[in-house]
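Engineer: My questions will all concern the structure given below.
The values are calculated or read from the model by the stated rules, or taken from the named source; none is laboratory data. From a predicted model like this one, the values you see are computed outputs, not experimental measurements. Cβ placement follows ideal geometry from the backbone for every residue including glycine, while neighbour counts extend to all protein chains displayed.
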């Protein structure tokens, strides 16, 4: 029968195994992890993965090498960011109903109408519905500062909104010419 410390060490090693598999590493069965090229990349120590650089030489103790490869650092940073987004989503810190979001792949902007386990269902201003994973979205704020219900045709708020979207004075000049022509008639 296993004692409690054996149970805990096996559980922590399974977490290291899970993270290594997510990074695409393969095990040598003795705590070492290798990348797809067959290069030694990490070692399981205390239930965590300890990463090593590409300059590891055969016959040398891995503990003598302290530099971590930039690629391994990027993978670990991406995992931490992904897990932080997930935690914030679960705790209702980000991506709540009626928040505006932007899909990073195509720039589609919409209001959240439903939250799933790891996805959102959103609707654009044109009543187009789309669904996206939480890691493919970013929070979005309207750049104009003018609420949609105040942007009626023929109002100055619509002009301000259009100006902020186009970043040009051509529209303002065109409107001013129109206003001058209507006043003189």
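Engineer: Restricting to the range 89-100, count the residues that are closer than 26 Å to residue 125 by Cβ and outside any loop (DSSP other than H, G, I, E, B).
Structural biologist: Of the residues in the range 89-100, 2 are closer than 26 Å to residue 125 by Cβ and outside any loop (DSSP other than H, G, I, E, B).
Engineer: Continuing with the same structure: When you look at residue 121, is it touching a strand residue (DSSP E or B) at 6+ places or on another chain (Cβ under 8 Å), buried (at least 17 other Cβ atoms within 10 Å of the Cβ), modelled with pLDDT of 90 or more and not assigned by TED's automatic domain parsing to the domain that holds residue 152, yes or no?
Structural biologist: Considered against the rule, which asks whether it is touching a strand residue (DSSP E or B) at 6+ places or on another chain (Cβ under 8 Å), buried (at least 17 other Cβ atoms within 10 Å of the Cβ), modelled with pLDDT of 90 or more and not assigned by TED's automatic domain parsing to the domain that holds residue 152, residue 121 comes out as no.
Engineer: I've got another one for you. Pairs please, first residue from the range 38-59 and outside the structural domain of residue 77 (by TED's automatic domain parsing) and surrounded by 19 or more Cβ atoms within 10 Å (Cβ to Cβ), second anywhere and at pLDDT 80 or above and in a loop (DSSP other than H, G, I, E, B), Cβ atoms under 8 Å, 6+ apart in sequence or on different chains.
Structural biologist: From the range 38-59, no pairs qualify.
Engineer: Residue pairs, Cβ under 8 Å, 6 or more apart or interchain, first in the range 165-183 and surrounded by 10 or more Cβ atoms within 10 Å (Cβ to Cβ), second at pLDDT 65 or above. List them.
Structural biologist: If the second residue must be at pLDDT 65 or above, the pairs left are 171/159; 171/162; 171/163; 172/159; 172/163; 175/159.
Engineer: Also: Have a look at 87, 97 and point out the one that is closer than 30 Å to residue 35 by Cα and at pLDDT 85 or above.
Structural biologist: So the residue among 87, 97 that is closer than 30 Å to residue 35 by Cα and at pLDDT 85 or above is 87.
Engineer: Kindly evaluate residue 67 against the criterion of being in a loop (DSSP other than H, G, I, E, B), at pLDDT 85 or above and out of contact with any strand residue (DSSP E or B) (no Cβ under 8 Å at 6 or more places or on another chain).
Structural biologist: The answer is no for residue 67.
Engineer: Continuing with the same structure: Could you tell me whether residue 31 is modelled with pLDDT of 80 or more and at positive phi?
Structural biologist: Against the criterion (modelled with pLDDT of 80 or more and at positive phi), residue 31 qualifies.
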